[in-house]
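The next block holds one structure in the form of structure tokens; read it before the comments.
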Amino acid sequence: MFSKATEASFSSYAVWETDLISVGKMRGVGWAICYQDPASGRLSNHWITLHEVGNVAGFNPTLVMDVWEHAFILDYKPAERGKYIEASFSNIDWSAVEERLRRPASPGG
């Protein structure tokens, strides 16, 4: 189901993954989050710096990647954020991501 959602939103899983990784490599600290628009079911990736600032109102987070340095400093140097991001993909619980996907809202409610 998640791979179908990525294909509908980004043309392919690979394009979605490249986009999320690029968001995660942005300068600064925060989270790279894949949200689902509850109205359309489409996915979009966003950079969120603070817990309470920048979240997409009404959208459902399906995958959240912590890219604050505290998340990886014991295993990677700050300049190795890209390596941490790539390694994190092997630790994603895809069944949990699937469970977070919701069906788009039907017209009129």
Test result for ASP19, open to solvent by 20 Å² or more (accessible area, probe 1.4 Å), within 10 Å of the chain's Cα centre (by Cα), charged (D, E, K, R) and at pLDDT 95 or above: yes
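For the stretch 35-44, how many residues are part of a strand (DSSP E or B) and open to solvent by 20 Å² or more (accessible area, probe 1.4 Å)?
First, the residues of the stretch 35-44 that are part of a strand (DSSP E or B): 35-36, 43-44.
Then drop every residue that is not open to solvent by 20 Å² or more (accessible area, probe 1.4 Å), which leaves 44.
Residues meeting the conditions: 1.
Evaluate the stretch 8-26: report whether one residue or more is part of a strand (DSSP E or B) and within 22 Å of GLU86 (Cβ to Cβ). Reasoning before the result, please.
If we filter the stretch 8-26 for residues that are part of a strand (DSSP E or B), which is where we start, we get none.
No, there is no match, as no residue in the stretch 8-26 is part of a strand (DSSP E or B) and within 22 Å of GLU86 (Cβ to Cβ).
This table checks each residue for (1) surrounded by 12 or more Cβ atoms within 10 Å (Cβ to Cβ); (2) more than 21 Å from SER95 (Cβ to Cβ); (3) in contact with a His (Cβ under 7 Å, 6 or more places away or on another chain).
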residue: SER3; (1), (2), (3): yes, no, no
residue: GLU7; (1), (2), (3): yes, no, no
residue: ARG27; (1), (2), (3): no, yes, no
residue: THR49; (1), (2), (3): yes, yes, no
residue: PRO61; (1), (2), (3): yes, no, no
residue: ALA71; (1), (2), (3): yes, yes, no
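The values are calculated or read from the model by the stated rules, or taken from the named source; none is laboratory data. These numbers come from a predicted model, not from an experiment. Don't worry about glycine lacking a Cβ; one is built from the backbone with ideal geometry, like all the others, and counts go over all protein chains shown. Note: accessible area is taken over every heavy atom of the protein model, side chains too, but ligands, DNA and RNA are not part of it. Shrake-Rupley method; radii C 1.70, N 1.55, O 1.52, S 1.80 Å.
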